[in-house]
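See below for the structure under consideration.
The values are calculated or read from the model by the stated rules, or taken from the named source; none is laboratory data. The structure displayed is predicted, hence computed values, not measured ones. Ideal geometry is used to build each Cβ from the backbone, glycine not excepted, and the neighbour counts take in all protein chains shown.
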C-alpha cells in the first residue's frame, strides 16, 4: 500500500479526537471492515458490557478494497455490542459514505463515551469537528440529512444518521447512510442514540483518484461477467424484491409468522408487481446492478407516496409474514422504517409476532388499543410500527425491546411463537425447507441470519459441483443435513472475507454464484499488489469468524444459544413440497463445531487458535 491508512478515534466524554495508523500486517490478516472491527473489538471488549453504557465502543470500518477500482467496492461494517442480542452486533452497508471516508485515508472510526448533549460529527478534508445536533435531534432521517447538509452548506456531503427510533433506544434501531442504504440489523442505531450521537457527515473529497489501466481492466472484466450472466437482468430490473415468489415456489415462506409455508397472495405481494409503478433506479459505488429503486405508489390509500423498494427480506417480512397481500403497503411500511430509523426486517417481524399473538388471544385487546390485530391490516401495521419507533404505547414499548423481551413481558405462552435466535428475529427462509440456512441461523455470530454465513450453495450447486468443491454430492441438497457443517464453515468464511474486503455479495455470490474467491484474489493483486492465495483468504475468513466467536463468549454466549426455536425442530411443515420436514439443528451444529476446530461447547480449541494465528488473552 502506498500510504498508511488511519483510524479516527473519537472520545465523546472528553469531546476529543485523534488519529492512529493501522499496521499493514493487521490489514493483511484481517482485511478491513468486519475483520478489522473484530480486531479492534478484541482489545476493547473483555467482558459483558451494557449496550447502552458509554463504555460500549462503536466501530466503523471500510473494507481494504472499498473505494478502489474493484467492482461493487462500497461496503463498510458497523460493530458494537448489540442492544438486541447483548452479543457482538454487526451490520454491513453500501452506498458512498464509506467511499468518501476511505478517500481521506481513513479506514476505521472508533467512538467511545457519551456526549453530554446531542451532537453529530463532520469530517472534511480540513479536519474533524464535533457539532451540536440540538436542532437535528427529533427529526426523521430524511429531515436530518437535509438539515445537516444545510448547516454545513454542503449538499454533496454523505450523511449517516439515526431517526427517532435510535433516539428512543429502540433495540432494533437502524443507521441510515443514504436513501436506501441501511445498516439495519442488530440495532446499532440505538447505540448511537445512547451516546447522544445523531450521525456523521463526510464531505466529498477534493482529491481526484485515477485508477491504473490494469485495475480498470479487471474491474471491466468482472462487470462484463456480471452483466452477461443469465440472472443479471432479473437483478437489474427487480433487485431481489421478486424473489419472494422464488421462496414461495420452494415451499418455505414465513406466511402468517411461519404458520404456512406458502402465501396465497404471493403474486400481489411480490416485487414483480412494482413494474407497474413509476420508479427511479440507483446503485452503489462502481456497481452495475442498480438493485435500489425509489417507487411512486401507483394505487391504493397511499397513491402518490414515494418510497424505497424493499429488498427481498423486508418484502417477505412485510408481505407474507404479516399476511399482507399488497406490495404497495410493503413499500410504504418499509419506507416509514427508513425514515424513523428502524430495521425493517425486525420491525415487520415484531408486527407479525403481535398479530399472531392477538389472533391466538394471547395478547388481550386492551393491550392493542381495544381491537384485535388483523393479518395484513395496513392501518394497524402502520400504527404499531409508529408505536414501536416512538415507544408511544404499552405494546410499542414492549416490542421496542425485541421479541424475547416482549415474550417475557406478555407472559406464557407468548414465548412459543417468539421466533428468534440469540434475540434477533428469524429472516424469511423457513429452516425446515433449507437445512444449511437453518444451521446458519443457529451459529451466526449476530443471531438468526442468512447474510453472515450466506449458505446459498445448498440450492445453487448441483451434485457434480458439490462433489467437486466439497467431496459430497448431498451438500447441494437443501433437505440433506449431512455435510452442512462443512458447507457452512466454508460459506461463512467466504462471507467474512467479502464483508472485510468491502465487496458487495450480490455480484460475486448471488449473480455469479462463485464462492471460490478467485475474483478477490485478482483484485487484491491488481489494486494492492498483495499476493494472497485463495486458501489464505479462506483462512483469513475463518480467523474472523473464530475471533467473533471468542468475543461473543466473553459477552456471555453459550452453546445453548446456538439453536433454532422449538417449532422448527419439532413441528413438521404440513403442506407443499416441504411437507413432513423438520430440522435437526443439533446434529448440524455439532458437525459445524468439529469442522471449525471448536469443542463440543462451541469454544475454539487452543490448537485451532494457534493455527489461525489468533493470540487471545
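Observations, loosely collected:
- Residue among 313, 346, 382 that alone is under 26 Å from residue 177 (Cβ atoms), in contact with a strand residue (DSSP E or B) (Cβ under 6 Å, 6 or more places away or on another chain) and either outside the structural domain of residue 268 (by TED's automatic domain parsing) or at pLDDT 95 or above (or both): 346
- Hey, residue 112 buried (at least 24 other Cβ atoms within 10 Å of the Cβ), in contact with a strand residue (DSSP E or B) (Cβ under 6 Å, 6 or more places away or on another chain), assigned by TED's automatic domain parsing to the domain that holds residue 197 and farther than 22 Å from residue 215 by Cβ or not: no
- So residue 284, is it buried (at least 24 other Cβ atoms within 10 Å of the Cβ), outside the structural domain of residue 165 (by TED's automatic domain parsing) and over 30 Å from residue 570 (Cα atoms): yes
- Residue in the range 65-75 that is touching a strand residue (DSSP E or B) at 6+ places or on another chain (Cβ under 6 Å) and either surrounded by 23 or more Cβ atoms within 10 Å (Cβ to Cβ) or not assigned by TED's automatic domain parsing to the domain that holds residue 111 (or both) present: yes
- When the residues of the range 16-49 are filtered to those that are assigned to a loop (DSSP other than H, G, I, E, B) and touching a residue at least 12 places away in the same chain (Cβ under 8 Å), the one that is nearest to the chain's Cα centre (by Cα) is 31.
- Out of 207, 273, sole residue that is in a loop (DSSP other than H, G, I, E, B) and either outside the structural domain of residue 346 (by TED's automatic domain parsing) or over 22 Å from the mean Cα position of the chain (by Cα) (or both): 207
Yes/no matrix, rows are residues, columns are (1) surrounded by fewer than 15 Cβ atoms within 10 Å (Cβ to Cβ); (2) within 23 Å of residue 290 (Cα to Cα); (3) at pLDDT 95 or above; (4) not assigned by TED's automatic domain parsing to the domain that holds residue 72:
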{"site": "191", "(1), (2), (3), (4)": "no, no, yes, no"}
{"site": "194", "(1), (2), (3), (4)": "no, no, yes, no"}
{"site": "197", "(1), (2), (3), (4)": "no, no, yes, no"}
{"site": "211", "(1), (2), (3), (4)": "no, yes, no, yes"}
{"site": "225", "(1), (2), (3), (4)": "no, yes, yes, yes"}
{"site": "229", "(1), (2), (3), (4)": "no, yes, yes, yes"}
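- Which numbered condition residue 526 misses (of (1) within 25 Å of the chain's Cα centre (by Cα); (2) surrounded by fewer than 22 Cβ atoms within 10 Å (Cβ to Cβ); (3) in a helix (DSSP H, G or I); (4) modelled with pLDDT of 95 or more): (1)
- Taking (1) modelled with pLDDT of 95 or more; (2) touching a helix residue (DSSP H, G or I) at 6+ places or on another chain (Cβ under 7 Å); (3) in a loop (DSSP other than H, G, I, E, B) in turn, residue 248 satisfies each apart from (3).
- Residue within the range 485-507 that is in a loop (DSSP other than H, G, I, E, B), touching a residue at least 24 places away in the same chain (Cβ under 8 Å), farther than 26 Å from residue 357 by Cα and out of contact with any strand residue (DSSP E or B) (no Cβ under 7 Å at 6 or more places or on another chain) present: yes
- For the range 370-401, the set of residues classified as free of Cβ contacts under 8 Å to residues at least 60 places away in the same chain, closer than 20 Å to residue 191 by Cβ and buried (at least 19 other Cβ atoms within 10 Å of the Cβ) consists of 399 only.
- Criterion violated by residue 382 - all others in (1) in a loop (DSSP other than H, G, I, E, B); (2) in contact with a helix residue (DSSP H, G or I) (Cβ under 7 Å, 6 or more places away or on another chain) satisfied: (1)
- Within the range 535-549, tally of residues that are surrounded by fewer than 18 Cβ atoms within 10 Å (Cβ to Cβ) and either modelled with pLDDT under 95 or farther than 14 Å from residue 31 by Cα (or both): 1
- In the set (1) assigned to a loop (DSSP other than H, G, I, E, B); (2) touching a helix residue (DSSP H, G or I) at 6+ places or on another chain (Cβ under 6 Å); (3) buried (at least 21 other Cβ atoms within 10 Å of the Cβ), residue 302 fails one condition alone, (3).
- Hits in the range 146-167 (condition: crowded, with 23+ Cβ neighbours inside 10 Å and in a loop (DSSP other than H, G, I, E, B)): 162, 163
Let's see how each residue does on (1) surrounded by fewer than 22 Cβ atoms within 10 Å (Cβ to Cβ); (2) under 16 Å from residue 592 (Cβ atoms); (3) not assigned by TED's automatic domain parsing to the domain that holds residue 591:
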position	(1), (2), (3)
416	yes, no, yes
421	no, yes, yes
429	no, no, yes
440	no, yes, no
451	yes, no, no
457	no, yes, no
465	yes, no, no
476	no, no, no
